[in-house]
Amino acid sequence: MWLVLLPCAALVLYPVLFIVSESLNVGEPGVFPPEAISLANFAGLKDDATIIGHTLFVAIAATAMAVIFGFALAWILTRTNIPGGNRFERLMELPYYMTPLVGAMAWGVLAGPKTGLLNQIWHLLVGPEDLFNIYSAWGIAWVMALFEGTVAFVMISAAMKSMDPSLEESARVLGGGKLRTALGITLPLVAPGVLSAIVFVFAEMLGAFAAAFVLGIPGRYYVVTTAIWESTQEFPPNYGRAAALGLSLFIAMTVTLSIARLIMRKGSYATITGKAFRPRPINVGAMRWLYLAFVLFYLLVAVILPIGALLMTSFQKFATVVLPDSIFTLENYRVALSTGTLGSAFVNSLILGISVATIGVLVMGVLTWIVYRSRLPGRTAIEYVLMFPQAVPRLVFGLGLLWAWINIPIPIYGTLWLLGIAYFTVFLPLGLRTLAGVVLQVDRSLEECACVCGAGWLHRMRTVSLPLLRPGIAAAWLLIFIASIRELGASLFLMSPQSKVVSPAIINAWLSSSSELSAAMAMILTATIFVAVIVLFGVARTFTRAEA
Amino acid sequence: MSDTACIEVAGLCVAYGDTVAVDRIAFSIQQGELATLLGPSGCGKTTTLRAIAGLEDPTTGLIRLNGDSVYDSALRVNVPAEKRGLSMVFQSYAIWPHMTVAENVAYGLKVRRRPRAEIDKEVRRALDLVQMSGFADRPASKLSGGQQQRVAVARAVAFSPSVLLFDEPLSNLDAKLRAEMRVELRELQQRLGITSVYVTHDQEEALAISDHVIVMNKGRIEQIDAPEALYNRPASLFVADFVGAANLIEGKVRQTGLVSVFETQGGQFLRVATPQGASGSETKVALRSAYIVLQADPSGAENANFATGTIHRRMFHGDFIQYVVDWPAGQLMVRRPPTEMIAEGALVSIMFSPEHCVLLSG
């Protein structure tokens with residue numbers, strides 16, 4: 001047991017040690033242990049007040065938009081009788097799977113100054129002024145809200161679904177009107193869930209990177225994550241500043257996430273159980289067409305427009321909405337898939353995705369069993385350590401891994417091995433959470449009964465546990481696979497010319513070559529992820545059917 | 001301990017950290033007997049059962065099955081659950097949803113590598129026993145609660161275990177089905193002659209199906225007795241209160257002997273049969289509400305305790321009538337057959353025999 005636990009704990013904690021050490025290092029950068037130690041790097045952060053201001057502005061604006069969207073959509077889809085009903089629910093998750101990177105590029109194509117497709121239409125119809133400029137603070141926040149904010153919808157609708165409808169019904173029976181019930185009963189009961197969702201989303205926004213990178217760098221609008229990237233790219237690299245910024249960001253995120261968890265724990269009432277209810281939908285009459293329009297508007301800006309724009313651009317020689325002027329070509333896809341640019345990165349990402357998911361599910365399965373089924377003393381502490389990467393921004397974690405592995409005399413830097421190890425470590429919380437949900441759904445007595453019937457451990461696993469867990473394990477595999485394919489933050493620092501992966505390669509193309517070519521690359525990535533997502537939804541459906 | 005004891009438990013303790021769930025309990029169950037562990041939730045009955053099954057690790061103590069130690073803290077013996085050769089019916093039934101009914105029932109036989117023909121025969125026999133023969137090829141996920149319960153029992157007996165454990169097997173069924181299954185389980189157990197341990201919090205169920213009832217409270221055993229003895233002569237206040245419907249009348253012992261005299265707080269004198277004698281320090285008399293006779297015309301009887309009272313409330317339950325009677329010592333709960341209807345507010349004479357009074361302290 002300890003053979004599995006200790007290496008995993010080391011994987012998580014070792015890189016963090018290096019970030020701490022580097023943030024205090026004022027001697028030769030990258031040397032461990034540091035030659036000289038002081039708090040100078042942290043003192044230097046006062047020069048970064050503008051960047052911190054930018055970060056807070058973008059995070060607050062993005063959180064506000066994400067929560068407004070998330071709350072409205074969650075309420076409409078779980079509580080009202082709009083046409084189409086819960087068929088929309090799954091579609092709401094699509095922006096998350098599309099990734100903020102692809103979303104940011106798509107909106108760059110849509111609403112970039114002068115050449116943006118929406119601006120082009122505006123020029124044709126109205127006048128020479130631009131309608132939008134997505135390369136701005138509001139633009140970054142908008143893209144973050146759409147593509148990182150999906151979690152707000154998921155958390156808030158979970159809070160709304162976990163409320164026993166009889167709590168509302170009894171208020172109505174006792175004579176409370178619709179509005180009185182909504183304000184006096186519904187709101188206080190869902191408030192902790194909503195509040196903790198807001199704080200959680202805010203923490204995510206603080207650590208968000210892709211949108212700020214794609215849309216902020218051209219206009220030199222920096223937030224903390226992009227500033228960390230920038231200081232490592234300077235010559236000589238300013239590792240001290242990067243580490244100090246990273247550590248501060250990590251602390252800010254940890255504190256915020258703890259607040260979110262505290263609100264959830266202290267504020268939630270005993271009546272709200274883990275059970276999912278399907279609350280009776282409220283008849284909203286003619287208003288339901290307005291609500292439907294709102295849902296469709298969200299799907300338009302978060303899914304249809306971005307994918308449409310990328311698709312159109314990827315088949316054109318020069319992106320334009322004036323179709324008669326456009327020259328359609330498959331050249332972008334040919335270039336994208338040719339070995340020099342994306343081809344090798346694509347193959348590498350697939351290799352990584354498949355192997356990390358396979359090994360990950362095996363090892364994380366054992367870890368899940370230890371944490372949630374065994375009686376090992378200290379398993380709560382183990383859970384805490386394994387969930388740790390959740391609070392560390394990917395980018396910062398990647399930096400820590402870079403320093404950690406450069407200082408180890410095992411020559412894996414610059415190879416796929418390092419990326420594989422990094423992916424495994426940062427996806428520990430994802431895998432653990434998914435598998436725990438699966439393990440906890442299977443009643444313990446099903447295994448105990450096999451035991452009493454005389455079946456040994458191996459036989460039990462083969463005939464009872466594994467068959468029951470199979471759909472959940474498949475879902476966990478797919479989730480880790482998707483997460484690996486789209487990974488950006490940690491990969492940025494760890495990939496080398498010999499070990500390219502997709503997301504950073506797309507970013508490089510976006511910064512150095514045409515938007516038409518990067519659109520084609522983004523489409524290939526998106527298509528791969530969507531195939532995996534469709535399989536995932538299929539697996540999830542059979543799983544819920546087997547339970548019923 | 002006796003030679004024919006099939007299950008022996010001695011000095012058994014189970015603790016989780018600082019909480020002691022089972023505290024030094026001891027009992028033995030004879031071959032072919034059905035013994036019930038009865039008590040409120042959290043009393044340690046399920047923990048005890050799971051310790052016998054090997055699903056729970058005790059802290060200290062001894063468990064023997066058919067004379068062999070399966071757990072012995074002194075000798076560091078702890079046979080894993082799958083090697084103990086006993087069987088169990090779980091509260092949740094634990095029917096494997098990914099198998100058919102027949103596959104569920106065959107599991108214990110397949111694990112034991114019995115020949116194909118024997119497995120088929122035993123599965124058919126077990127399903128016949130629970131009247132589920134028609135369901136053999138049905139997916140187990142498509143069964144009702146009652147059917148799952150039957151399959152769980154068939155699976156538990158299919159490989160002819162020597163000991164069968166029941167963990168509140170009927171608690172998820174509705175009242176009518178529960179009463180039916182109670183009869184079926186008892187008949188099945190007697191026909192197969194399987195030594196059984198049955199856990200329940202339902203005292204009626206425990207009294208109805210057991211040879212012996214082991215009453216537990218807060219991790220300890222309060223009393224082990226046959227159902228009639230438990231009902232008629234509860235050894236403690238807890239048992240009197242938990243098993244059956246009893247009146248607990250407070251007061252003082254005034255005179256001890258084969259028949260003692262007890263003065264209630266209302267100044268009423270009761271005659272209490274105490275064949276084993278009484279210490280004189282007892283403060284309560286337990287009196288089953290079913291043993292009290294009410295008569296609309298007051299007239300005394302020899303040897304009986306006699307008082308007059310007023311019907312305060314009458315509740316018709318169908319199979320019986322529950323009366324609340326005001327009498328000098330407070331209120332009495334009285335249970336009479338539905339043929340004995342007396343109007344609320346009527347004066348009645350109350351009679352009960354000294355043999356039905358039990359002196360208790362505490």
Of the residues B:Leu359, B:Leu294, only one is under 30 Å from B:Leu207 (Cα atoms), crowded, with 19+ Cβ neighbours inside 10 Å and modelled with pLDDT under 90; which? B:Leu294
Tell me, which helices (runs of 4 or more DSSP H) wholly within segment A:310-423 include 1 or more residues that are within 28 Å of A:Ala520 (Cα to Cα)? A:331-337, A:344-372, A:394-406
B:Ala240, sole failed condition from (1) in contact (Cβ under 8 Å) with a residue 40 or more places away in the chain; (2) closer than 20 Å to B:Ser41 by Cβ; (3) assigned to a loop (DSSP other than H, G, I, E, B): (3)
Show the residue pairs that are 6+ apart or on different chains and have beta-carbon atoms under 8 Å apart, the first residue being within segment B:122-140 and closer than 14 Å to B:Asn104 by Cβ, the second being assigned to a loop (DSSP other than H, G, I, E, B) and of a type in the set (Phe, Trp, Tyr). B:Glu122/B:Phe159; B:Ala140/B:Trp96
Just to verify a result, which residue in segment B:58-90, among those that are within 29 Å of B:Arg150 (Cα to Cα) and among the charged types (D, E, K, R), is farthest from the other protein chains (Cβ to nearest Cβ)? B:Arg64
Matching residues in segment A:430-456 - criterion: being outside any helix (DSSP H, G or I) and either crowded, with 20+ Cβ neighbours inside 10 Å or at the interface with chain B (Cβ under 7 Å from one of its Cβ atoms) (or both): A:Asp443, A:Cys453, A:Gly454, A:Ala455, A:Gly456
Cross-chain or 6+ apart pairs with Cβ under 6 Å, segment A:454-469 first and within 21 Å of A:Met364 (Cα to Cα), then of a type in the set (Gly, Ala, Ser) and in a helix (DSSP H, G or I): A:Arg460/A:Ala450; A:Val464/A:Ala450
If you go through segment A:161-183 one residue at a time, do you hit one that is closer than 23 Å to A:Thr254 by Cβ, of a type in the set (A, V, I, L, M, F, W, C) and in contact (Cβ under 8 Å) with a residue 24 or more places away in the chain? no
Could you look through segment B:25-67, keep only residues that are part of a strand (DSSP E or B) and β-branched (Val, Ile, Thr), and pick out the one that is farthest from B:Ile209 (Cα to Cα)? B:Thr60
Condition check for A:Thr463: within 12 Å of chain B (Cβ to nearest Cβ), farther than 18 Å from B:Arg84 by Cβ and not basic (Lys, Arg): yes
The number of residues in segment A:135-165 that are at pLDDT 75 or above and within 17 Å of A:Arg79 (Cα to Cα) is 10
Matching residues in segment B:254-297 - criterion: being more than 13 Å from B:Val358 (Cα to Cα) and either touching a Phe, Trp or Tyr at 6+ places or on another chain (Cβ under 9 Å) or outside any loop (DSSP other than H, G, I, E, B) (or both): B:Arg254, B:Gln255, B:Glu263, B:Thr264, B:Gly266, B:Gln268, B:Phe269, B:Ala290, B:Ile292, B:Val293, B:Leu294, B:Gln295
Given the criteria more than 12 Å from chain A (Cβ to nearest Cβ) and small (Gly, Ala, Ser), does B:Ser171 qualify? yes
Any chance you could count how many residues in segment B:124-141 are within 13 Å of chain A (Cβ to nearest Cβ), more than 24 Å from B:Leu34 (Cβ to Cβ) and in a helix (DSSP H, G or I)? 2
Sole residue being within 26 Å of the chain's Cα centre (by Cα) and not in a helix (DSSP H, G or I), chosen from A:Gly85, A:Gly53, A:Gly70: A:Gly85
Looking at B:Arg150, B:Arg155, which is the one that is within 22 Å of B:Glu103 (Cβ to Cβ), away from every other protein chain (no Cβ under 14 Å), out of contact with any His (no Cβ under 9 Å at 6 or more places or on another chain) and part of a helix (DSSP H, G or I)? B:Arg150
Kindly list the number of the only condition in (1) closer than 23 Å to A:Ile198 by Cα; (2) more than 21 Å from the chain's Cα centre (by Cα) that fails for A:Tyr97. (2)
Among the candidates A:Thr181, A:Thr150, single out the residue that is among the hydroxyl-bearing types (Ser, Thr, Tyr) and either under 30 Å from A:Arg220 (Cβ atoms) or in contact with a Pro (Cβ under 9 Å, 6 or more places away or on another chain) (or both). A:Thr150
Taking segment B:78-104, which residues are of a type in the set (Val, Ile, Thr), more than 28 Å from the chain's Cα centre (by Cα) and surrounded by 22 or more Cβ atoms within 10 Å (Cβ to Cβ)? B:Val101
Selection count where residues are at the interface with chain A (Cβ under 10 Å from one of its Cβ atoms) and touching a strand residue (DSSP E or B) at 6+ places or on another chain (Cβ under 8 Å), scope segment B:100-119: 1
Taking B:Gly244 and the conditions (1) buried (at least 18 other Cβ atoms within 10 Å of the Cβ); (2) more than 23 Å from the chain's Cα centre (by Cα); (3) modelled with pLDDT under 90, which numbered condition does it fall short on, given that it satisfies the others? (2)
Considering residues that are away from chain A (no Cβ under 14 Å) and among the aromatic types (Phe, Trp, Tyr), the number found within segment B:16-57 is 1
For residues that are at pLDDT 70 or above, of a type in the set (Gly, Ala, Ser) and either within 19 Å of A:Leu167 (Cβ to Cβ) or surrounded by 15 or more Cβ atoms within 10 Å (Cβ to Cβ) (or both), tally how many sit in segment A:266-307. 1
Is it the case that B:Ala179 is crowded, with 18+ Cβ neighbours inside 10 Å and assigned to a helix (DSSP H, G or I)? no
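The values are calculated or read from the model by the stated rules, or taken from the named source; none is laboratory data. Bear in mind that the values here come from a model prediction, so they are computed numbers and not experimental data. Counting neighbours? That spans all protein chains shown, and the Cβs are built from the backbone with ideal geometry, glycine included.
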